[in-house]
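The values are calculated or read from the model by the stated rules, or taken from the named source; none is laboratory data. Quick caveat: nothing in here was measured; it's all calculated off a predicted structure. Quick reminder, even Gly has a Cβ in these numbers, built from the backbone with ideal geometry, and neighbours come from all protein chains shown. Ligands, DNA and RNA are excluded from the accessible area calculation, which covers all protein heavy atoms including side chains. Shrake-Rupley method; radii C 1.70, N 1.55, O 1.52, S 1.80 Å.
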Amino acid sequence: DEQALSVFGWYGTPTAVLLGSDGLIAGGPVTGGPAVIELAEEMIEQLVEARADAAVAAAAPVTA
C-alpha cells in the first residue's frame, strides 16, 4: 500500500518483507519477482526444517 511505500522507501514491484512475531523485520526487504520468490522459498525451507525439528523433539523420550 502507499503508506508502506513511503515508510520503507520502496518503489519497485513486487516487494516483500518478512515480519517476525515481535513485529521486527525478519527478512527482506526485497524487490523484484525473482527476489520475492527466493525470499518465499527461504521462508518455506526454514519452516519445513523447524517443523521437522519439532517432530523429532516431540518423539524424543522424556528424561527426568
Consider only pairs whose beta carbons are under 8 Å apart and that are at least six residues apart or on different chains; among these, list those whose first residue lies in region 13-37 and is open to solvent by 90 Å² or more (accessible area, probe 1.4 Å) and whose second residue is not hydrophobic (A, V, I, L, M, F, W, C) and not in a helix (DSSP H, G or I).
Thr13/Thr31
Qualifying positions in region 45-64 - more than 20 Å from Gly27 (Cβ to Cβ), in a helix (DSSP H, G or I) and β-branched (Val, Ile, Thr):
Val56
So is Ala4 more than 14 Å from the chain's Cα centre (by Cα), assigned to a helix (DSSP H, G or I) and either at pLDDT 95 or above or surrounded by 11 or more Cβ atoms within 10 Å (Cβ to Cβ) (or both) or not?
yes
